[in-house]
1. Report, by residue number, each residue of segment A:88-127 that is surrounded by fewer than 20 Cβ atoms within 10 Å (Cβ to Cβ) and under 18 Å from the mean Cα position of the chain (by Cα).
2. Name the residue, out of B:V146, B:V185, that is farther than 15 Å from B:A88 by Cβ and away from ligand 1 (no atom under 16 Å from the Cβ).
3. Which one of the conditions (1) within 16 Å of ligand 2 (Cβ to nearest atom); (2) open to solvent by less than 30 Å² (accessible area, probe 1.4 Å) does B:A110 fail to meet, given that it meets all the rest?
4. Which ones in segment C:133-154 are assigned to a strand (DSSP E or B), in contact (Cβ under 8 Å) with a residue 40 or more places away in the chain and open to solvent by less than 60 Å² (accessible area, probe 1.4 Å)?
5. Can you find a residue in segment B:179-194 that is open to solvent by 20 Å² or more (accessible area, probe 1.4 Å), within 14 Å of chain A (Cβ to nearest Cβ) and within 13 Å of the chain's Cα centre (by Cα)?
6. Is it true that B:R77 is of a type in the set (D, E, K, R), more than 9 Å from ligand 1 (Cβ to nearest atom) and closer than 19 Å to B:L216 by Cα?
7. Scan segment B:136-160 residue by residue and report those that are within 13 Å of chain A (Cβ to nearest Cβ) and either in a helix (DSSP H, G or I) or among the aromatic types (F, W, Y) (or both).
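The values are calculated or read from the model by the stated rules, or taken from the named source; none is laboratory data. Being a predicted model, the structure only gives us computed values, none of them experimental. So basically every Cβ, Gly included, is an ideal-geometry build from the backbone, and we count neighbours across all protein chains shown. Quick note on the areas: whole protein, heavy atoms, side chains included, nothing else; ligands and nucleic acids left out. Shrake-Rupley method; radii C 1.70, N 1.55, O 1.52, S 1.80 Å.
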Amino acid sequence: MTARETLPILGFLIGAVLVSLFVTSNVVLNFLVFTLILAIAAQGWNLLGGYGGQYSFGHAAFFGMGAYVSAILQQRFGVNAYPAVAFGIAAAAVLGYAIGAMVFRAGLRGSYFALVTLAFAEVLRILANATEITGGAAGLLISLNLGAGNLQFADRSSFLILGAVLLALAMLITLALEKSRLGAQLVAVRENESAAAALGVDILAVKLRAISLSAALTGAAGALYAQYFLYIDSNIAFGTWISVEALLAPIIGGAGTVFGPLIGALILQGLSEGTKLLIGKIPGLDLIIFGVLLILVVRFPLHRIPGLLAARWRGKGAP
Amino acid sequence: MTGQGRDPAFLAVRDLTKRFGGLTAVSEATFDVREGSITGLIGPNGAGKTTLFAMIAGFEQPSAGLVLLDGEEITGRKPHDLAKLGLARTFQIVQPFAGLSVRENIAVGAFLRLPKRRDALALAEQVGQRLGLGPQLDKPAAALTVAGRKRLEVARALATRPRILLLDEVLAGLNPSELRDFLPVLQDIRAGGVTILMIEHVMQAVMSLCEHVHVLAGGRIIASGEAAEVVRNPAVIEAYLGPGAAQRLAAHA
Amino acid sequence: MGYPPEILLEAVANGLLMGAVYGLVALGLTLVYGVLHIINFAHGALLTLAMYAAYVAHGAFGLDPYAAMVPLAGLFFVLGYLVQRLVIGPASRGDDSNMLLVTLGLSIIIENAMLAIFRSDTMTLRLPYAMSMVEMGDVLLSLPRLIGFGVTLLVALLLFVLMTRTDTGRAIRAVAKERTGAALVGIDVAHIYAVTFGIGTACLAIAACLLLPSFYVSPRVGNAFVLVAFTIVVLGGMGSVTGALLGGLFIGVVESLSGLYFGDSLGQIGIFLIFILVLLLRPTGLFGARA
Ligand SMILES: Nc1ncnc2c1ncn2[C@@H]1O[C@H](COP(=O)(O)OP(=O)(O)OP(=O)(O)O)[C@@H](O)[C@H]1O
Ligand SMILES: [Mg+2]
């Protein structure tokens, strides 16, 4: 990873800071913060799905784990927000490792992997809905306690910067992965498992590292969500909506690229808000458009667009 | 010469057997490969050659028997562990990482011994040049011709810096001029200290490359010896051409 | 914990009856998997669509769900045929993860179209016989479920005849076994795929008509069934028709009993855990048989 390769990420960060300085509309800021949270969750999915070819339909499990562990530690045990968020991320990573250890060891791939991750997320959703420590169906409120020391900000622009820094970090991690041995091996596993094994790639170990890292990033998005809205319930934290959006964004924006998740999240959220503005608030309309878009992207793969972007700034010849 | 004693076998296969349900694909195969040699494994279609390779390289669990590499038992170990030990294989049905460039394909192999990306890419470049893939290094692997894909198989395996290479029909489907170009490459690899065990149907190549040949037919090793001597063996002729063929040929001579 | 035997027996019996309809839903899924080798993520959404169709047939034309069964099955056969022929087939180009994404996209579209049209309220048909019970010995059985059980058996029988006695059925089996070989002998594989998908969707229309008298409709109702159906299909062995029916009965009983002991919401966890365990331990299914 060279300094030049990190320039676009730096550019993104500067752009975000400029926006936070000059944009005052709460609607716009809200839109951007939400998009960033989504993009971080999607970057997590992208690590495993885009680079590793393991399509999870249950990344809500990691999003919810990050959100709940962080919120419960703050609310029930009085832990400060910073260590609480760190624990939330760690818990998501551990969950990712545990699920991966079971599922990859059993050799589940493709559709089976998608199904079983979905089932894990649903089990967690039902459990969170029925146990006491999570606040059950009523959900969990994090008490308002403004101050940078508590990772709570009155103004949305601070959250915008926080989200942008986290996403930039996630993109740096992804870029570093892309340029590393692990990244090369992960892509090899995606392309052809037996060929990778023949070249000395420990497939199980590579997948386990990828799912842990992936879960950690999506868990961070969950913790950030809880910190921003100060409220979660089982349908938000473990609901299928986040599994679906974390998958849609990279696939639409360019799976297996550093900027794909952000581009996809912007497109999805832009479409969603755009239809609301143009047609009015008809429930589900934006999702109908997402569904159509997903089928179109699969039908007419335009990966070359983000692919070209990526190729331009990674220089010619280097993988 | 069974390779015991003064000249121990580098790769030793002992009574290796593979059953798929009722079918015995490989039956008590026993043979040796000497260090630094190019050894041939020949036999008619469906003889069990690829299955034998798959067992040696850890892709199929043997039903019975042993494999030893440099005196160490390696039976049933995982493919990636064997690759680390220095045993690399190619696939008869080529398995390129289709979405990656040729350079990236080879780099995956190079990463086995070189953790740094810069080093892995440098080795990939070097191996690619050596195998004549220089002009294609930045093309997608999916765009290669048959001959190019075979070279890529060998290049990737070679980039893992193996001690022994198992090549499964890397010459099949090449035209005469491609063949003429490729033979010196294989000799060069051996000269670099890599032992080669190759499955091959192209007899011309076997005769000119291999000092030692094992013949597999119906899952059994039916003959072993020098290439020129093995192809005159009546049992081998019959395995290829059917019962009675040896006598008919002899009658003609 | 101890329930009197009559209650347990009744729970088992009603679980079996419900399980038959689950089996019918799973039948469509497993058939599509067995022939097309795709996991149809839109299966649940198509069931939802069918339930709304039956609901509308009742509201707009006064058609009883049982009377709507045959016309809806025909309609959904055509729908399934077209969806496979015009959308899933061309978009996925035989690639496993593409199919996964396309069927996911379809399910998102259908589910949210229902949400946009009917809003998220749950709706029920108030039919006079919805709560009717039939007494059999000591146990009371729900009439709609009893009918569902009978119709499922009938459909399974019809499918069996179709598969073994007709040219189409033979072609379907040929494609399932050896796609390239079937294409070589002149079978139109794309057509057979679409027919199979159509049959799977028609099974859903029948299941919807059987469910509607005793079940509510909402845009996401299909999800509950589809995860159950996936569990059944995995349990019964992907692609196995008998496996789907047996698995359906088994899951029906498990659900009914775990609902009795743990309450309805936690009872669902039992199904997911079975699903995960079976996938991890016996991906070929408990009943092993591959159709
Ligand atoms: N996974 C498997 N399951 C069942 N049978 C198999 C399997 N793999 C190979 N076989 C059978 O084992 C026998 C040996 O096959 P193998 O591919 O090893 O032969 P081969 O000598 O490499 O042939 P060729 O020269 O055509 O490559 C064949 O009859 C083949 O059909
Ligand atoms: Mg072979």
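1. A:A90, A:V94, A:Y97, listed by residue number.
2. Just one listed residue meets the conditions, B:V185.
3. (1)
4. Listed by number, the residues that qualify are C:V139, C:L141, C:S142.
5. no
6. So B:R77 fails the test.
7. Passing the criteria: B:Q136, B:A141, B:A142, B:R149, B:L152, B:E153, B:V154, B:A155, B:R156, B:A157, B:L158, B:A159.
One line per residue, one yes/no per condition, for (1) free of Cβ contacts under 8 Å to residues at least 24 places away in the same chain; (2) surrounded by 24 or more Cβ atoms within 10 Å (Cβ to Cβ); (3) polar (S, T, N, Q):
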site: A:F12; (1), (2), (3): no, no, no
site: A:G15; (1), (2), (3): yes, no, no
site: A:G64; (1), (2), (3): no, yes, no
site: A:A67; (1), (2), (3): no, yes, no
site: A:Q74; (1), (2), (3): no, yes, yes
site: A:P83; (1), (2), (3): yes, no, no
